[in-house]
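*Asks:* One structure, as structure tokens, below. Some questions next.
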Amino acid sequence: MNNSEKLNYYELLEVPVDASFFEIRHAYRDALLIYDEDSLSTYSLFPDEERAVLLKRIEDAFNILIDATKRSEYDEQLVKSGKLKPSERLTRYQDKSIPIFRTGSSAEKNIFFKKVQEKVKESDIKSLAEEIIAKELISGQDLKKLRKAIGIELEEIFEVARISISMLKAIENNKFHDLPSLVYLKNFLKSYAEILHLDSEKAVDGYIINLTLMQK
Amino acid sequence: MSCIYPIGGGKGGIGKSFIAANLGVLLAKQGNRVVLVDLDLGGANLHTFTGMPSVKTGIEKFLDKTVIDLTQVAVPTEINNLSIISSVNCSMEIANLFAAQKLKIIKAIQKLPFDYILLDLGAGTNYNTLDFFLSSNEGILLLTPEPTSIENAFKFIKAVYLRKVRQILNQREFKSVTDCITGNDNAIEMTARIIDAVAENDPEKGELLRKQLTEYQFKFIINQFRKTVDAKLGEKIEKVCNRYFYSKFHFLGNVCYDERVHESIYSKKIFINKYSYTVSAIDLSHIVKKLEKNRLAGRLESIGSHE
């Protein structure tokens, strides 16, 4: 099935239409490793002339796809010839890197943040939040009250902020024996407050002052 | 349902018998009923790989009609569940098998009551080898990471394709098709041209040919793999072949080169038993897992199609 000529440049390099330049560079290198004349994997499979044609096409594909202007023109051609749906065509090419670690599903996180965002707009929650942040001393119970009012579970905070549940409980219950050193605590409080859409600076200060007074 | 795996590969000395014997032993140890068939006619030595210095009976008894059923000449080996049908006692002329005899053997093989039937084929691309290779819908192609072996493997694929075409077309049709290809054509170009030519004369046959070639599955193993070789060689070949040939290609894995293979053959012992802890042995067991999975998938599919 001699179909290399039927393939478009994306298919030839086996990259998606929205591939980043990084992915294209890698795909090009992989293709050369397979089709190069020294490659063992295709030894004797193609006659010299055919291999030359194939390599030329791979070279062309790379040169065009790696150049944003040329790539855009090429995409336009593909759209015109019906090989690419207009909706699939990218308007801007990104040199996005490929994530090595995937932590959690970002889609779920987005749903969570949206839910919170809408909830805090409600008037009673707004007034509760304003009431809390206006106080000089903010206790764990205040935070907990607001959290409950918004309807967030501790597990959900753990999922997005990666603060352990026992730590969150210690914060809410003012268990200063269980709390970490100040530098960690401040950061935990900051993340927690941000999730609740509280002014994090004020919330952290209020909490710390309250804690210091309680310890005395 | 039994799975027939012919093991071929064009080049000689790449380890077809070694792989056949040791895959057979491993499959049998998993509780499968396995038979090894030595179809390297005129160059039979598979029994030695299974630790047997000689075999009393074999295909010759089936061909001279001493026995009617090929199962009767399947000799048990020292491994439970593993039998061997040898051709070591066949006459000197056996390499030039008559077409009728060949057909008789193939039909008998397809009826053997075993879970796995492994056919050890000879080198080269003569009609016997190709027809035995095509006795199943999936064959195992063996290569070593050397240009000579790769070249022969691609030649072998080409020969298998041509033979498959010959099975579908009659003499006259075949002649007119082969007239349009030249010996220098590479395998890729050749198949495309043949199918085009057949389809032009007879669209129905062209479609049948395309369908049969698409359904055919080449599995392949890279033997005598060394650390210096590109670790992705198998995957690359799989990728290229799937892109350019009609059939499906499935890479089963590498089997590491090991001096002790030679030693086990020298001492006429089963490698996998004597050196079960070696990298090569572990490689072989990975391949066996894939074969078992493949058989299971095939059975599920056939159950599905009967419903």
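What follows draws every value from the coordinates through simple rules; no lab data is involved. This one's a predicted model, so the numbers in the text were calculated from it and none came from an experiment. Cβ atoms come from the backbone with ideal geometry, glycine included; neighbour counts cover every protein chain shown.
*Asks:* Filter the chymotrypsin sites (Phe, Trp or Tyr not before Pro) in region B:226-307 to those in DSSP coil with at most 13 other Cβ atoms within 10 Å of their Cβ, and list the result.
*Replies:* Here the sparse-neighbourhood loop sites are B:Tyr277.
*Asks:* Considering amide H positions built from the backbone, and no H for Pro or chain starts, which residues 5 or more places from B:Asn223, or on another chain, come under 5 Å of its amide H?
*Replies:* Residues meeting the criterion, in which the H sits 1.01 Å from N, are B:Leu143, B:Thr144, B:Val255.
*Asks:* Here's something else I'd like to know. Karplus couplings for region B:258-264 from phi (6.51 cos²θ - 1.76 cosθ + 1.60, θ = phi - 60°), rounded to Hz, Gly and Pro as x?
*Replies:* 8, 4, 6, 4, 4, 4, 5
*Asks:* Please report, in cubic angstrom per residue, the volume enclosed by the convex hull of the alpha-carbon atoms of region A:9-88.
*Replies:* 92 Å³
*Asks:* While we're on this one: Could you work out the local net charge near B:Glu207, counting Lys and Arg as +1, Asp and Glu as -1, over the other residues with Cβ closer than 14 Å to its Cβ?
*Replies:* Residues close to B:Glu207 contribute a combined charge of -2.
*Asks:* Could you sort out which of A:Lys83/A:Lys109; B:Lys107/B:Lys175; B:Lys65/B:Lys289; B:Lys155/B:Lys289; B:Lys111/B:Lys211 sit more than 32 Å apart by Cα distance in this structure?
*Replies:* Distance filter (> 32 Å) returns A:Lys83/A:Lys109; B:Lys65/B:Lys289.
*Asks:* Sum up the charges of everything whose Cβ sits under 15 Å from the Cβ of B:Met92, counting Lys and Arg as +1 and Asp and Glu as -1, but leave B:Met92 out.
*Replies:* Taking every other residue near B:Met92 into account, the sum is -4.
*Asks:* Just add up the charged neighbours of B:Val288: K/R +1, D/E -1, any other residue whose Cβ is under 13 Å from the Cβ of B:Val288.
*Replies:* +3
*Asks:* Per the Kirkwood formula on distinct C-alpha pairs, the Rh of region A:152-202 is how many angstrom?
*Replies:* 11.0 Å
*Asks:* Can you work out D for region B:44-108 in µm² s⁻¹ from Stokes-Einstein, where Rh is the Kirkwood radius over C-alpha pairs, the temperature is 20 °C and the viscosity is 1.002 mPa s?
*Replies:* 173 µm²/s
*Asks:* Wrap a convex hull around the Cα atoms of chain A, take a quarter of its surface area, and give that in square nanometres.
*Replies:* 18.7 nm²
*Asks:* Sorted from largest down, what three extents in whole angstroms do the Cα atoms of chain B have along their principal axes?
*Replies:* That works out to 56, 51, 46 Å along the principal axes.
*Asks:* Here's a follow-up. Rounded to the nearest 10 degrees, what's the angle between the helix A:140-150 long axis and the longest principal axis of chain A, both from Cα atoms, 0 to 90?
*Replies:* On a 0 to 90 degree scale, this one is about 50.
*Asks:* In a solvent-free Debye calculation with one equal scatterer on each Cα, what is log10 I(q)/I(0) for region A:106-215 at q = 0.11, 0.14, 0.17, 0.24 Å⁻¹, listed in the order of the q values?
*Replies:* For region A:106-215 at q = 0.11, 0.14, 0.17, 0.24 Å⁻¹, log10 I(q)/I(0) is -0.31, -0.51, -0.76, -1.48.
*Asks:* Over chain B, what is the mean sequence separation of C-alpha contacts under 8 Å (at least six apart), divided by residue count, expressed as relative contact order in percent?
*Replies:* Normalised by residue count, the contact order of chain B is 22 percent.
*Asks:* OK, next. What FRET efficiency do you get for B:Ser54 and A:Lys115 if R0 is 56 Å and r is their Cβ-Cβ distance, rounded to the nearest 0.05?
*Replies:* 0.10
*Asks:* May I ask you to derive the relative contact order of region B:31-179, considering only C-alpha pairs under 8 Å and at least 6 residues apart, and to give it as an integer percent?
*Replies:* Computed value for region B:31-179: 27 percent relative contact order.
*Asks:* What is the Cα coordinate range of region B:64-199 on the first, second and third principal axes, sorted by size from largest, in whole angstrom?
*Replies:* Taking the Cα atoms of region B:64-199, the three principal extents are 49, 38, 30 Å.
*Asks:* How tilted is helix B:147-168 with respect to the longest principal axis of chain B? Cα atoms for both, answer in degrees (0 to 90, nearest 10).
*Replies:* Taking the Cα atoms of chain B, the angle to B:147-168 is about 60 degrees.
*Asks:* Which order do A:Glu201, B:Glu146 fall in if you start with the one that has the fewest other Cβ atoms within 10 Å?
*Replies:* Fewest-to-most ranking of A:Glu201, B:Glu146: A:Glu201, B:Glu146.
*Asks:* Multiply the residue separation of A:Asp30 and A:Asn63 by 0.36 nm, subtract the distance between their alpha-carbon atoms, and state the gained length in nm to one decimal.
*Replies:* 10.4 nm
*Asks:* List the residues, sorted by chain then number, that are 5 or more residues from A:Leu45 or on another chain and whose placed amide H is less than 5 Å from its amide H.
*Replies:* Amide H to amide H, under 5 Å and 5 or more residues apart or across chains, A:Leu45 pairs with nothing.
*Asks:* What is the fewest-to-most order of B:His250, B:His47, A:His177 by other Cβ atoms lying within 10 Å of their Cβ?
*Replies:* A:His177, B:His250, B:His47
*Asks:* Right, something else. For B:Ile265 and B:Ala95, FRET efficiency with R0 = 30 Å and r from the beta-carbon atoms, rounded to 0.05?
*Replies:* Using R0 = 30 Å, I get an efficiency of 0.85.
*Asks:* Kindly state, as a whole number, the per residue volume in cubic angstrom of the convex hull around the alpha carbon atoms of region B:187-307.
*Replies:* Value for region B:187-307: 158 Å³ per residue.
*Asks:* Rounded to the nearest 0.05, what FRET efficiency do A:Ser166 and A:Glu122 give with R0 = 22 Å and r taken as the Cβ-Cβ distance? Could you check?
*Replies:* Efficiency computed from Cβ-Cβ geometry: 0.15.
*Asks:* A follow-up question, please. In which sequence would B:Thr214, B:Thr228, B:Thr77 go, from the one with the fewest C-beta neighbours within 10 Å to the one with the most?
*Replies:* Final ranking by Cβ density, sparse to dense: B:Thr228, B:Thr214, B:Thr77.
*Asks:* Residue-wise, which Karplus ³J(HN,Hα) couplings in Hz belong to region A:14-24, taking 6.51 cos²θ - 1.76 cosθ + 1.60, θ = phi - 60°, and x for glycine or proline?
*Replies:* Along region A:14-24, the couplings run 6, 10, x, 5, 9, 4, 7, 4, 4, 5, 5 Hz.
*Asks:* Still on this structure: Quick one: Karplus J couplings for region A:37-43, per residue in order, coefficients 6.51, -1.76, 1.60, θ = phi - 60°, nearest Hz, x for Gly and Pro?
*Replies:* Values per residue, Gly and Pro as x: 5, 8, 6, 6, 5, 10, 4 Hz.
*Asks:* Return the calculated 222 nm mean residue ellipticity for the protein assembly as shown, to the nearest 500 deg cm²/dmol, obtained by summing -39500 (n - 2.57) across DSSP H runs with n ≥ 4 and dividing by the residue count.
*Replies:* -17000 deg cm²/dmol
*Asks:* Shifting gears a bit: In percent, how large is the relative contact order of region A:153-216, given Cα pairs closer than 8 Å and 6 or more residues apart?
*Replies:* 24 percent
*Asks:* Run the quick spin-label model on A:His177 and B:Ala199: label points 7 Å from Cα toward the beta carbon, then report their separation in nm to one decimal.
*Replies:* 8.2 nm
*Asks:* Excluding residues on the same chain fewer than 8 positions from B:Lys274, give the aspartates and glutamates whose Cα lies under 16 Å from its Cα.
*Replies:* B:Glu78, B:Asp258, B:Glu259, B:Glu263, B:Asp283
*Asks:* Compute the angle between helix A:48-65 and the longest alpha-carbon principal axis of chain A, please, reported from 0 to 90 degrees and rounded to the nearest 10.
*Replies:* The angle comes out at about 40 degrees.
*Asks:* On to the next question. Give me P(r) over the protein assembly as shown, computed from all C-alpha to C-alpha distances, binned every 10 Å, as integer percentages.
*Replies:* 3, 15, 18, 17, 13, 11, 10, 8, 4, 1, 0
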